[in-house]
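> Before we start, here is the structure in question, set down as structure tokens.
Values in this text are rule-based calculations from the coordinates and carry no lab data. Just so we're clear, the structure is a prediction, and the values are computed from it rather than from any experiment. In this analysis, Cβ positions are derived from the backbone assuming ideal geometry, glycine residues included, and neighbour counts consider all displayed protein chains.
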Amino acid sequence: MTDKVRRNLVFDRWRNSIFDRKELGPGMVLFKNYLTHMGQVDIVNICQKWAMGPGGFYRPSNRSGAKLRLHMMCFGRLWDPVTKYEKSYRSDGSAPPPLPYEFISLAENAIEDAQLHMKLLPSMLPDICVANFYSYGDRLGLHQDCDEHVGGLDSGLPVVSVSIGYSAEFLYGHTRDENKLEKVLLESGDVLIFGGKSRRIFHGVRRILTPLAYSQSYSPGYSQVIKETGLRLGRLNLTLKQF
Ligand code: SIN
Ligand code: MN
């Protein structure tokens, strides 16, 4: 059995047979409710296996030394807001956990699904997954993902972004101008892809919505995911990329 066949067998358990697609721009598509309940539980369990150990979640700082309003860890490769892809940032010297093959499969399959409607979207084989965990009140400022190889950025190799848990108000646009940004809700089980002409899109998480305060954005499967995994209240995001 090839690696790809093995990965796809696992993936069948993770993808809903019916999901909505919203095209958000050139090379940018949001798959609503893409992941099955089992897939979401599996992802949380995989992250929890590594979360508290060496290479697990920490609170990164930005260049001015201020702590970011989230926790982060990486699979496959190390990345940090200050030291970028240099390997030296973790004071404990720990290496990142390996990139789980299920995550690779998820990215490959989601991109293939996107390519059905976006013929020009290139394929991407991820070698890094940045996992962010947002508690209520956390957020992430507007930024571009542009520390990867410039050749990949220029050819628009897509980023695959997975949301589990509380919903997020996600801002995006081709400019830093707040007034010109679009807003979209990312809910548990959603998968967002941005590649092609949108690869260098500005994006950020303006706020995390609690189920109580915003019942209309509550993803019903989520309480079950919490019960089955013991996930802390908040939002888990996986960003899969090719360095
Ligand atoms: C990121 O851009 O690093 C994460 C975005 C998200 O949490 O949705
Ligand atoms: Mn980003």
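> H149 to K227: FRET efficiency via 1/(1 + (r/R0)^6), r the Cβ-Cβ distance, R0 45 Å, to the nearest 0.05?
0.60
> Over the chain, with a Gaussian network built from C-alpha contacts below 10 Å, which listed residue (R199, R21, R59) shows the highest mean-square fluctuation?
Of R199, R21, R59, the Gaussian network model singles out R59 as fluctuating most.
> Sorted by packing (mean other beta-carbon atoms within 10 Å per residue), highest first, where do 101-114, 133-146, 156-169 land?
156-169, 101-114, 133-146
> Turning to a different aspect of this structure: Label-point separation (nm) for K4 and K49, each offset 7 Å from Cα along Cα-to-Cβ?
Computed distance between label sites K4 and K49 equals 2.5 nm.
> Is it possible to state the helix-based mean residue ellipticity at 222 nm for the chain, with each DSSP H run of 4+ residues giving -39500 (n - 2.57), the sum divided by total residues, to the nearest 500 deg cm²/dmol? What is it?
When only DSSP H runs of four or more count, the value is -6500 deg cm²/dmol.
> Additional query: Within the P(r) computed for the chain, what percentage of the Cα pairs occupies the region above 32 Å?
Percentage above 32 Å: 13.
> Pick from S155, S64, S188 the residue whose mean-square fluctuation is largest in a GNM of the chain, springs joining Cα atoms under 10 Å.
S64
> Points 7 angstrom from Cα along the Cβ direction at K67 and S123: gap in nanometres?
For the pair K67/S123, the computed spacing is 4.3 nm.
> Mind checking which of I43, I18, I193 has the largest fluctuation in a GNM of the chain, springs on alpha carbons under 10 Å?
With Cα springs under 10 Å in the chain, the top fluctuation among I43, I18, I193 is at I18.
> Could you list H117, H37 in order of exposure, starting from the residue whose Cβ has the fewest other Cβ atoms within 10 Å?
H117, H37
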